[in-house]
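Engineer: Pasting a structure below so you can have a look.
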Amino acid sequence: MTTSAEKGGHPAMLTPPVVSPRAWEEARQQLLVKEKAQTRARDALAAERRRMPWMTVEKAYAFDGPAGRASLADLFAGRRQLIVYRAFFEPGVFGWPDHACRGCSMVADQVAHIAHLNARNTTLVFVSRAPQVDIARLKARMGWEIPWFTVTDDFEADFGVAEWHGTNVFYRDGERVFRTYFINNRGDEQMGGTWNYLDITPLGRQEIWEDSPPGYPQTPTYKWWNWNDNYGVDAEPDKKWVEVSEAGEAAFRDQ
């Protein structure tokens, strides 16, 4: 290890050694073995998550939204899967009424374009106790486009988010709604990206390389990917990437 120069009264940093390009590449390859193992372990965990038992949601819940009153089933917006993040934005939260909780705001800042989730039959919403007028003002100020509803009843207490933030996942089968997964605390740190959200859903990424139960919807890896403004448009995917997808599905998992 080497040390960097002390600056501004702070102790000098004990930094890694500086090596040749060949030694650097050898070190990277050694670390890559562990990183690939972690990727495969993450895929296996997601596969196990898809096999978790479901819990029937028996109680009726009501939310306020931009279009008025909405039920939990309404939050699905016609899709099969629903991801609900409870964000702290209400009187008493630090930053009110100009800002939501700093941590919850960082989560919101990291949310990818929701069109990609929607293309996988999945809806993402945020919920808070703040009235809709305050939520609309906050979204405009911060540049957020996530659907955001107001909690009006015991939803938070019933689903583990009364005292802290958390992400619940639900699945809709006709009129029936099931709770399929829940993650909170540091587990929420990984949320925001499309892949991480899909990995906590019961259907997963819905790609053919995944280990999913029989009958689950799956399509070639690259074939469904699209520009966020082209979903629903009669646009063919790039032929090159479709060919890559069809030829390399088995290798994709091990990358």
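Engineer: Counting just the residues of segment 88-136 that are within 27 Å of Leu198 (Cβ to Cβ) and basic (Lys, Arg), which one comes out nearest to the chain's Cα centre (by Cα)?
Structural biologist: Only one residue fits best here, namely Arg120.
Engineer: What number of residues within segment 67-77 are assigned to a loop (DSSP other than H, G, I, E, B) and either open to solvent by 30 Å² or more (accessible area, probe 1.4 Å) or without any contact (Cβ under 8 Å) to a residue 12 or more places away in the chain (or both)? If you could, list the steps in order and put the result at the bottom.
Structural biologist: Just the residues of segment 67-77 that are assigned to a loop (DSSP other than H, G, I, E, B), to begin with: 67, 76-77.
After this cut, where a residue has to be either open to solvent by 30 Å² or more (accessible area, probe 1.4 Å) or without any contact (Cβ under 8 Å) to a residue 12 or more places away in the chain (or both) as well, the list is 67, 77.
Qualifying residue count, segment 67-77: 2.
Here is a yes/no grid of residues against (1) within 28 Å of Gln206 (Cα to Cα); (2) touching a strand residue (DSSP E or B) at 6+ places or on another chain (Cβ under 6 Å); (3) among the acidic types (Asp, Glu):
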residue: Gln29; (1), (2), (3): no, no, no
residue: Ala46; (1), (2), (3): yes, no, no
residue: Arg51; (1), (2), (3): yes, no, no
residue: Met55; (1), (2), (3): yes, yes, no
residue: Phe63; (1), (2), (3): no, yes, no
residue: Arg79; (1), (2), (3): yes, yes, no
residue: Gly92; (1), (2), (3): no, no, no
residue: Ala108; (1), (2), (3): yes, no, no
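Engineer: Could you list, in sequence order, the residues of segment 139-176 that are over 21 Å from the mean Cα position of the chain (by Cα) and either among the hydrophobic types (A, V, I, L, M, F, W, C) or under 17 Å from Gly68 (Cβ atoms) (or both)?
Structural biologist: Ala140, Thr152, Asp153, Ala157
Engineer: Let me ask something additional. Of all residues being touching a Lys or Arg at 6+ places or on another chain (Cβ under 8 Å), open to solvent by 70 Å² or more (accessible area, probe 1.4 Å) and not in a loop (DSSP other than H, G, I, E, B) in segment 34-66, which is nearest to Val133 (Cα to Cα)? Just the residue, please.
Structural biologist: Here the residue is Met55.
Engineer: If I ask for residues that are touching a residue at least 40 places away in the same chain (Cβ under 8 Å), open to solvent by 20 Å² or more (accessible area, probe 1.4 Å) and not in a loop (DSSP other than H, G, I, E, B), which ones from segment 85-108 would you list?
Structural biologist: Gly103
Engineer: For the condition at pLDDT below 95, closer than 17 Å to Val111 by Cα and out of contact with any Gly (no Cβ under 6 Å at 6 or more places or on another chain), what is the one hit in Gly143, Gly187, Gly232, Gly193? Break it down into steps so the answer makes sense when it comes.
Structural biologist: Working: Gly143 fails: at pLDDT below 95; Gly232 fails: closer than 17 Å to Val111 by Cα; Gly193 fails: at pLDDT below 95.
Exactly one of Gly143, Gly187, Gly232, Gly193 is at pLDDT below 95, closer than 17 Å to Val111 by Cα and out of contact with any Gly (no Cβ under 6 Å at 6 or more places or on another chain), namely Gly187.
The values are calculated or read from the model by the stated rules, or taken from the named source; none is laboratory data. This is a predicted model, so every value here is computed, not measured. Every residue, glycine as well, gets a Cβ built from its backbone with ideal geometry; the counts of neighbours run over all protein chains shown. Ligands, DNA and RNA are stripped out before the accessible areas are found, and what is left, the full protein with its side chains, is counted by its heavy atoms. Shrake-Rupley method; radii C 1.70, N 1.55, O 1.52, S 1.80 Å.
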